[in-house]
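The values are calculated or read from the model by the stated rules, or taken from the named source; none is laboratory data. Keep in mind that what you see is a predicted model, and the values were worked out from it rather than measured. Cβ sites come from the backbone with ideal geometry, for glycine too, and all protein chains shown count toward neighbours.
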Amino acid sequence: KQEVTQIPAALSVPEGENLVLNCSFTDSAIYNLQWFRQDPGKGLTSLLLIQSSQREQTSGRLNASLDKSSGRSTLYIAASQPGDSATYLCAGSNDYKLSFGAGTTVTVRA
Amino acid sequence: EAGVAQSPRYKIIEKRQSVAFWCNPISGHATLYWYQQILGQGPKLLIQFQNNGVVDDSQLPKDRFSAERLKGVDSTLKIQPAKLEDSAVYLCASSFGTSGGDTQYFGPGTRLTVL
């Protein structure tokens, strides 16, 4: 069974600082890893999906890496903005089933 | 393209009452998922449908929860009778395909409070 952990549970940074969010998983036979954003009272929005054969994915200011051997993924958000404040969740997929971490709640201070 | 629709957005009930949630996935998406998200935790998969068949319901408390996806389109999740620990956000998601490589699109969720 895939176990996904995200540490820390929360962090606060000043605007403009780069964000580094960590995700670890137990089963290296991962199919893919996804990063989601969740705003209060809303559903999840998919940010990036990294296939098991890939090492990273990029979209705008976002970059996510995947290291299956160490069981880790990292989401980088460059030059953070107050609008980046949200909860970020990672999820590992083994076949079709997604296993989610509890998320990291980010606050970007203006 | 319209997103995943869910209703109601909020529901408050007494324990032992019943409740139902509705989900309409993105048009053309074969796979539909129901997740339970307890405060402070990540979503947990309750049930997955492929068209109108159940792929996985291993984490669905079948003594009180039921779900159906008639005609392979919209879906209903029911809880009867509800317990205090069922208080959570119930998220519906859909994806075009059935493999783990497909992006899942989530609805806004239904926040259930059981008193």
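Observations on the structure shown:
- When B:99, B:94 are checked against the criterion of being in a strand (DSSP E or B) and at pLDDT below 95, B:94 stands alone in meeting it.
- Leading residue by the ranking (nearest to the other protein chains (Cβ to nearest Cβ)) among those in the stretch B:55-72 that are among the aliphatic types (A, V, I, L, M) and surrounded by 14 or more Cβ atoms within 10 Å (Cβ to Cβ): B:55
- Of all residues in the stretch A:78-94 being within 9 Å of chain B (Cβ to nearest Cβ) and crowded, with 20+ Cβ neighbours inside 10 Å, the one that is farthest from the chain's Cα centre (by Cα): A:93
- When A:66, A:49, A:75, A:33 are checked against the criterion of being surrounded by 15 or more Cβ atoms within 10 Å (Cβ to Cβ), at pLDDT 95 or above, within 14 Å of another protein chain (Cβ to nearest Cβ) and not in a loop (DSSP other than H, G, I, E, B), a single residue qualifies: A:66.
- Selection over the stretch B:73-102 of residues that are farther than 12 Å from residue B:33 by Cα and either surrounded by 17 or more Cβ atoms within 10 Å (Cβ to Cβ) or basic (Lys, Arg) (or both) gives a count of 10.
- Verdict on residue B:41 being within 10 Å of chain A (Cβ to nearest Cβ), surrounded by 13 or more Cβ atoms within 10 Å (Cβ to Cβ) and under 25 Å from residue B:84 (Cβ atoms): yes
- Neighbours by Cβ (under 7 Å, 6+ apart or cross-chain): first from the stretch A:95-110, more than 7 Å from chain B (Cβ to nearest Cβ); second among the charged types (D, E, K, R) and in a strand (DSSP E or B): none
- Qualifying residue in the stretch B:1-11 (condition: acidic (Asp, Glu) and at pLDDT below 95): yes
- Looking only at the stretch B:27-41, and only at residues there that are closer than 15 Å to residue B:73 by Cβ and not in a loop (DSSP other than H, G, I, E, B), the one that is farthest from the chain's Cα centre (by Cα): B:31
- Remark: residue A:61 falls outside the filter, which requires a residue to be within 14 Å of another protein chain (Cβ to nearest Cβ) and under 26 Å from residue A:16 (Cβ atoms).
- For residue A:44, the requirement of being buried (at least 22 other Cβ atoms within 10 Å of the Cβ), within 26 Å of residue B:10 (Cα to Cα) and within 11 Å of another protein chain (Cβ to nearest Cβ) is met.
- A single member of A:2, A:54 is assigned to a loop (DSSP other than H, G, I, E, B), in contact with a Phe, Trp or Tyr (Cβ under 7 Å, 6 or more places away or on another chain) and either modelled with pLDDT under 95 or among the hydrophobic types (A, V, I, L, M, F, W, C) (or both), and it is A:2.
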